[in-house]
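Undergrad: Supplied in structure tokens, the structure appears directly below.
Please treat every number below as a calculation from the coordinates, not as lab data. Given the structure is predicted, the values throughout are model-derived calculations rather than measurements. Glycine gets a Cβ as well: all are built from the backbone with ideal geometry, and neighbour counts include every protein chain shown.
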Amino acid sequence: MKIGNLDIGQKLFLAPMAEVTDSSFRKACKEQGAGVTFTQMVSAEGIIKNNFESLRILSFNRNEKPIGVQILGNDPAIIGEAVREISRLKPDLIDLNCGCSVDKVTSCNMGSALLDDPEHIGKITRKMVDNAGDIPISVKLRLGKDRSHINIFDTAKAVEDSGGSLVVIHARARNDKYISEPEWNWIAKVKERLKIPVVGNGSIFSPQDVKRMFKETGCDSVMVARGALGNPFIFSRYQKLIETGDDPGTPDIETVQEILIKHINNLELDLGEVVALDRAKKQTVWYLKDYPGINLLLENVFRVRNFDSLRYLIIEHVSKIQQGVLGEDDKVDVINKFKKKVLFWLTDD
Ligand SMILES: Cc1cc2nc3c(=O)[nH]c(=O)nc-3n(C[C@H](O)[C@H](O)[C@H](O)COP(=O)(O)O)c2cc1C
């Protein structure tokens, strides 16, 4: 797929995910073959006020390119100013968040609250395009506020008519949050009506899902979100699948351990132990969630107080997996613990 000067061929997008798609996560996915990664959403107002946290979220290394920066806001003037600032850093894409359904975002008329007013989305897009120089502008949309008020044709068209270069469609409505099945057929319908590229998103958990989304929707590329958590391998597996026709499957446990440890080491380096440790614990559980002993790991991991103990725990746990000494877990118990501590977006509102 080509967007302006950016050509990612048949590679896929890694979705923006708050508190997840930091530099270490992006690196892990890029090394496995993600075509474009995104920063998590960053407040437009925070950028123009030089807020420390906003600037930290926004920062990226040159070796992470191609990379997109996603911004959150509502006021075209403020967003425009933020885009001017961001464009100096030369990301490959600047994206507007019209998908976030978290209450503290929508109650400020940002994220998916913008979907209610396609004309306003058009105004913001135009301002972004005017201020971005030659950097393409994308907008990440949901279908509408709920399934009886789907207005994706209007919002996507507003983006196209205002000079946007790309739309990403998360094929759920705002009030679906993440739980209901996405309706990919809307991606297909939008693709038929738009000239600019369309990227599909929603419940991609395997390389086979990627293939199916391409086939069923005719989209130009696919964006992976939760399917990449603890699983950057989804990108390399998909590349192999299209090159050879065979999905190599999840790598062996030794490789998983190696990549997990590299990932958490990068987290520690980038963010420092205090901020990074909680993220590293989540990553650890995500990487090892499909192996026996996940219940035991969940209990142990949340007691860990520093990175050395976490690395030790990972090595010890993986060695038990290799020896086959961990029994099968009680699935209901695992799901309940996951809902509380790991799949936090399921209870998020
Ligand atoms: C933990 C988490 C954080 C997210 N943060 C963002 C965000 O910052 N910006 C955004 O546009 N979408 C965000 N999303 C939504 C995802 O980008 C994606 O659209 C959504 O998860 C649907 O894809 P999936 O069903 O394949 O997970 C987030 C999702 C999750 C699970």
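Undergrad: If we count GluC sites (Glu not before Pro) as exposed when they sit in a DSSP loop and have at most 12 other beta carbons within 10 Å, what is the longest stretch of the chain that avoids them all?
TA: Values: sites that count: GLU19, GLU328.
Excluding the exposed sites themselves, the longest stretch runs over 20-327.
Undergrad: Using helices alone, I'd like the mean residue ellipticity at 222 nm for the chain: each DSSP H run of four-plus residues gives -39500 (n - 2.57), total over residue count, nearest 500. Let's see the in-between values first.
TA: Details: 15 runs with 164 residues, N = 349.
Helix contribution divided over all residues of the chain: -14000 deg cm²/dmol.
Undergrad: Towards the positive end of the charge dipole of the chain, with charges on Cβ (+1 Lys, Arg; -1 Asp, Glu), say which of ASN74, GLY245, SER107 has the farthest Cα.
TA: After comparing all options, I get ASN74.
Undergrad: Among all the aspartates and glutamates, which ones have a C-alpha under 18 Å from LYS127's C-alpha, if same-chain residues fewer than 8 places away are not counted?
TA: Of all the aspartates and glutamates, those that pass the test against LYS127 - Cα under 18 Å, at least 8 places apart if same chain - are GLU45, ASP75, GLU81, GLU85, ASP92, ASP95, ASP117, GLU119, GLU160, ASP161.
Undergrad: Which of VAL304, HIS263, TYR291 sits farthest toward the positive end of the charge dipole of the range 253-346, with +1 on the Cβ of Lys and Arg and -1 on the Cβ of Asp and Glu?
TA: Going by the charge dipole, the pick is VAL304.
Undergrad: OK, next. Hand me the trypsin sites (Lys or Arg not before Pro) from the range 178-259 located in a DSSP loop with no more than 10 other Cβ atoms within 10 Å, in residue order please. Could you put the intermediate results ahead of the total?
TA: Working: sites: LYS189, LYS191, ARG193, LYS195, LYS211, ARG212, LYS215, ARG226, ARG237, LYS240; in loops: LYS195.
Qualifying residues, ordered by number: LYS195.
Undergrad: Could you tally the net charge around LYS127, taking each other residue with its Cβ under 11 Å from the Cβ of LYS127, Lys/Arg +1 and Asp/Glu -1?
TA: Numbers: positive: ARG84, LYS123, ARG126; negative: ASP75, GLU81, ASP130.
Net of charged neighbours comes to 0.
Undergrad: Mind putting a number on the dipole of the range 153-310 about its Cα centre? Charges go on the C-beta only, +1 for Lys and Arg and -1 for Asp and Glu, and I need it in Debye to the nearest 20. Walk me through the intermediate numbers first.
TA: On the way: 21 positive and 23 negative charges, 90 e Å.
Magnitude of the dipole: close to 440 debye.
Undergrad: Run the dipole for the range 2-244 about the Cα centre, Lys and Arg Cβ at +1, Asp and Glu Cβ at -1, nothing else charged, and hand back the magnitude in debye, nearest 20. Before the final figure, lay out the partial values.
TA: Numbers: 34 positive and 30 negative charges, 112 e Å.
Magnitude of the dipole: close to 540 debye.
Undergrad: Also, quick follow-up: Take the cross-link list LYS27/LYS140; LYS191/LYS282; LYS215/LYS262 and give me the ones stretching past 28 Å between alpha-carbons. Display every interim value, and only then the final one.
TA: On the way: LYS27/LYS140 22 Å; LYS191/LYS282 36 Å; LYS215/LYS262 35 Å.
With Cα atoms farther than 28 Å apart: LYS191/LYS282; LYS215/LYS262.
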